[in-house]
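Single-structure report; data block below.
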Amino acid sequence: MKSVLCCLMSLFLFTAANAQEKTNKKLVFNPKSPVYEVDATCGTCMFNMEGKGCHLAIKFKGKNYFVDGTGIDNHGDAHDKEGFCNAIKKAKVQGSVVKDRFLVTYFELIKQ
């Protein structure tokens, strides 16, 4: 029984560590890729996009897109009075639209 529990616990920890790596992937600036200045905010709270919960979104070329590659809480507390759920911020991004979402490879907030 102990070996089964130990095996299950190891599997859980391995899965959790793997999932964490994918969401905290290092975003790297590529000098050969175009940089876009966009509005960034919570898509559901500020852009009124369809969705459950709070998710990072950008306005890119006049259209709103949810962002993949970085998360809303990777850039401060989203629910702070100046966080993404309460404010629209400017950001520099690199990436592309893939299946109606913006796959970001670089994301930097512009200090105001």
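Structure summary
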item	result
Qualifying residue in the range 56-71 (condition: loosely packed, with under 14 Cβ neighbours inside 10 Å and within 17 Å of ASN86 (Cα to Cα))	no
Among (1) among the basic types (Lys, Arg); (2) assigned to a strand (DSSP E or B); (3) more than 23 Å from PRO31 (Cα to Cα), the one test that LYS81 misses	(2)
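Throughout, read-outs are computed from the coordinates displayed, never taken from laboratory work. Note that the structure is a prediction, hence the values are computed from the model and not measured. Note: ideal-geometry Cβ built from the backbone for every residue, glycine included; neighbour counts use all protein chains shown.
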